[in-house]
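Here's the structure we're looking at; comments come further down.
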Amino acid sequence: MKRLVYRIVLLTFFAAGAAISQTESTVNYAAFERLADSVEDTLSAGDAPTSALESLRAELVTYRSQLTEAETANAPRVENIRSQIEALGPAPNTEAGETESLDLAARRAELQTQLEEARAPGLEATAAFQRANGLITEIDEEVRTRRNELLLEARPLPVNPANWPDALTAVTEVTGRAVGEVTDNLGTDWKRQELARTAPVTVVLSLIALLLLFRGRRWMARLTDSVQSRGARRGRITLGFLVSLGQVALPVAGMSLLAGALASSSIIGPLGQTLLSSVLVLVFSCYGAAWLLRRVFPVDSALPAAMEVEPGLQARARLAGILIGALFGVGYLLNALSSADEISPEAEAVLGLPVFVTLGLAFIWLARVLRKAAAAADEDGETSNFRARFLRILSLALTAVSIAGPLISAAGYHNLADAIMRPTALTVGLVGVFIALQAPIRDLYAWISGKSLEDARDALIPVLVNFAVVIAALPLLALIWGTRPAELGELYTRINQGIAVGDSRLTPGTILTVLIVFGIGFLVTRLLQGALKSTVLPRTKLDAGARNAVVSFAGYTGIGLAVLLAITAGGIDLTALAVVFGALSVGIGFGLQNVVQNFVAGIILLIERPIGEGDWIEVGGQMGIVKDISVRSTTIETFDKTQVIVPNADFISGTVTNWTRGSQLGRAIVTVGVAYGTDTRRVQDILMEIASENPNVARFPEPGVDFLGFGADSLDFRIRAILLDVNKLVTVQTELNHRIAERFTEEGIEIPFAQRDIWLRNPETLNATAPRPTAP
């Protein structure tokens, strides 16, 4: 015992010395070494309480952060000296007989001495850092071992009736001691005088506290219903959610006020204060559970429920939630009394078994409601709904805990059962809070963006906000399931240290800097592109395709510069990244060969501009209008109004027909045949008149009519006409065919159809095989 007291006094002295040393710029290595030696002795002895180990660990963490800064304190000086040494060139190889001048050798030796002196503080800090880090790991392992031993500690079986009288006696003794404290405090004259002096204030505070405790929730419930009943106005759900928090805040405030009034009156003693703090937790858990379940399963049927289940199951879920909150508070009370040595661990195990059994029943009720809610989601067609799957998993987990927890407690492992049941209750509450936040988040987004609640339900921003809420709740979930705050701090320290990449280190701050700089560069690039597209380029003589190429080139250049500036601002060593990219280049060359080929082809298209947006082209059997040219592919809209994505490499390696590039002029070809015996000169004149009278046909060069020759069934003619706008090709061909049919009908000119002559080689065989007529 004396040894422990001596260590505590010594640690206090070390803590004071560490606090003073924090104000200095250097690390007090002597104090650190004494602290490290003391920690090693304490761990070797193994008799220090866990609280003392946690205190030692906090001191080591403080020193470790100082040592981390000290490791890089002389980094600029070290880098400067190394650059000077490199400037002198490589050292001569004495074994090969190489020499250098005396002045150069003296300067090299002087710089080497300065380098060793500059590196000495960093090396000392690194060694001390490794020692501190190792001791912190040993403390964490020791604390973790003790916690595991405590969880697996076996107690007398609570199902054994022989242990029940001791538990009942413990409850009676606690009650008697609490009443005895009040009686003793009232039995002294000066306490009675003090009570008489503070009685008015105590009575007033107690009345206000009781009023808030028993009526506050009802007041806030009415106010919440009034706010949420304002029709379909955006923001009412969010405002109602914020107002509804008063249903928990007012009763808890009333209980806190009552506990403070009783404590200030000096009526209760230490045991009474322990009971009051436990009752405060009980009140918070009960009212919090009631509020949460009413948000998830509202009593008012006009309000949307977070889970679609039957009204009877909603009422059962609310009852189960309140019961879970109350039992959680009772379990906390038993744990507080046991920690304060007011009841024995055996009595805590006996009294905790019925609490765990009842809590398991409440879990089963709630699991049934969750299964019904998941089934309702599936009936709506949401077979792949994440919520439905999550509710099923949560239902199975609750069912498993409701069975395993009481059985473990009945087997005598009360601490293990408590480490399972109470965190499960808190996890259910945390999940309920997340579900209850869905509607306010959507409503708040609708109010800010001006959209309707239906549009906000399908928007992406609320989903991202929910994802951020889940990420933020992960540390809280870890604490619920027994993770020590020191372990979370250690995890944060490891993350903050980052990952070493060559001579650089990627930390969260570095990544954030890179993202911010890149975001600014990306925004500036987009603004520049907008200015070029809308203000600068329209005043030039460039066509639409050239302007699009300039805007695209500016965008790619700006993004590339933004990437380089972001990497430089983050302090990332590009040489290390070059090694990584060099190793990946082989894989990129084989795996992304087509992508790189299309990328290069896209750059060539943007520079040479053989096609542009709005051009009528034909490539690879696809004909349509160019809608967009990107780096990897080009989008063509066919005349069937379908979007065809063509890789850019096809434009470079294949044949492309551009009908409208450079000019809108084009040629229409119409062929027609007439019957043999028709006046060919007259047909040619008629076709010439038909082509010349069309307004879409150019007068110069004038259209032409060709007599192609003597076909198998007709005399073939062809009209050649240059169109003013080739985009009207199909329209002109259709109109010319209509006019040809009309004029040929007026002129009595026949358009023949195909004719075939059939020759029979042996016609007599037909008579031989024909059936003979029968006699009448």
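Considered as a group, the residues in the range 474-496 that are open to solvent by less than 60 Å² (accessible area, probe 1.4 Å) and within 20 Å of Thr62 (Cα to Cα) include one that is modelled with the lowest pLDDT, and that residue is Thr493. Taking the listed residues Arg155, Arg119, Arg147, the one that is farther than 30 Å from Ile408 by Cβ and either surrounded by 14 or more Cβ atoms within 10 Å (Cβ to Cβ) or in contact (Cβ under 8 Å) with a residue 60 or more places away in the chain (or both) is Arg119, with no other qualifying.
Among the residues of this structure, Leu319 does not count as one that is under 29 Å from Pro158 (Cα atoms) and modelled with pLDDT of 90 or more. Checked against (1) open to solvent by 70 Å² or more (accessible area, probe 1.4 Å); (2) of a type outside the set (A, V, I, L, M, F, W, C); (3) part of a helix (DSSP H, G or I), Asn163 meets all criteria but (1). The conditions of being at negative phi, at pLDDT below 90, out of contact with any helix residue (DSSP H, G or I) (no Cβ under 9 Å at 6 or more places or on another chain) and open to solvent by 20 Å² or more (accessible area, probe 1.4 Å) are met by Ser51. Of all residues in the range 127-144, those being open to solvent by 80 Å² or more (accessible area, probe 1.4 Å) and in contact (Cβ under 8 Å) with a residue 24 or more places away in the chain number 1.
Here the range 721-754 is the region considered, the condition is being buried (at least 16 other Cβ atoms within 10 Å of the Cβ), in contact (Cβ under 8 Å) with a residue 60 or more places away in the chain and more than 60 Å from the chain's Cα centre (by Cα), and the residue that is nearest to Asp640 (Cα to Cα) is Leu736.
If I filter the range 261-279 for residues that are in contact (Cβ under 8 Å) with a residue 24 or more places away in the chain and closer than 20 Å to Asn415 by Cα, do I get at least one hit? Yes, the range 261-279 has at least one match. Taking into account only those residues within the range 503-541 that are outside any helix (DSSP H, G or I) and either loosely packed, with under 14 Cβ neighbours inside 10 Å or hydroxyl-bearing (Ser, Thr, Tyr) (or both), which is modelled with the lowest pLDDT? Applying the filter and picking the extreme gives Asp503. Scanning the range 260-292 for residues that are of a type in the set (A, V, I, L, M, F, W, C) and at pLDDT below 85 yields Ala261, Leu262, Ala263, Ile267, Ile268, Leu271.
Of all residues in the range 386-416, exactly one satisfies the criterion of being open to solvent by less than 40 Å² (accessible area, probe 1.4 Å) and either aromatic (Phe, Trp, Tyr) or in contact with a Ser or Thr (Cβ under 6 Å, 6 or more places away or on another chain) (or both), namely Val401. Applying the criterion of being basic (Lys, Arg) and closer than 18 Å to Leu258 by Cα to the residues of the range 189-228, the residue that is modelled with the lowest pLDDT is Arg197.
So that you can scan it fast, the table gives a plain yes or no per residue for (1) touching a residue at least 24 places away in the same chain (Cβ under 8 Å); (2) in contact with an Asp or Glu (Cβ under 7 Å, 6 or more places away or on another chain); (3) under 30 Å from Arg107 (Cα atoms):
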residue	(1), (2), (3)
Ala52	yes, no, no
Asn80	no, no, yes
Ser83	no, no, yes
Pro92	no, yes, yes
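Of all residues in the range 332-368, those satisfying the criterion of being without any contact (Cβ under 8 Å) to a residue 60 or more places away in the chain, assigned to a helix (DSSP H, G or I), open to solvent by 10 Å² or more (accessible area, probe 1.4 Å) and not β-branched (Val, Ile, Thr) are Leu333, Leu334, Ser338, Ser339, Pro354, Leu361, Trp365, Arg368.
For every residue, the table says whether it meets (1) open to solvent by less than 40 Å² (accessible area, probe 1.4 Å); (2) among the small types (Gly, Ala, Ser); (3) more than 25 Å from Ser395 (Cβ to Cβ).
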residue	(1), (2), (3)
Asp418	yes, no, no
Leu426	no, no, no
Ala436	yes, yes, no
Asp443	yes, no, yes
Ala446	yes, yes, yes
Arg457	no, no, no
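Here is the figure for the range 418-451: residues that are more than 17 Å from Leu359 (Cα to Cα) and among the β-branched types (Val, Ile, Thr) total 5.
Note on the range 167-188: among residues that are modelled with pLDDT under 85, open to solvent by 80 Å² or more (accessible area, probe 1.4 Å) and of a type outside the set (Ser, Thr, Tyr), the one that is farthest from Ile408 (Cα to Cα) is Asp184.
Quickly run through the range 613-640 and pick out the residues that are closer than 13 Å to Asn548 by Cα, open to solvent by 50 Å² or more (accessible area, probe 1.4 Å) and in a strand (DSSP E or B). Matches in the range 613-640: Lys627, Asp628.
The values are calculated or read from the model by the stated rules, or taken from the named source; none is laboratory data. Worth saying up front: this structure is predicted, and the values here are computed from it rather than measured. Using ideal geometry, Cβ is built from the backbone for each residue, glycine included, and neighbour counts are taken over all protein chains shown. Side chains are part of the model used for accessible areas, which takes the heavy atoms of the whole protein and leaves out ligands, DNA and RNA. Shrake-Rupley method; radii C 1.70, N 1.55, O 1.52, S 1.80 Å.
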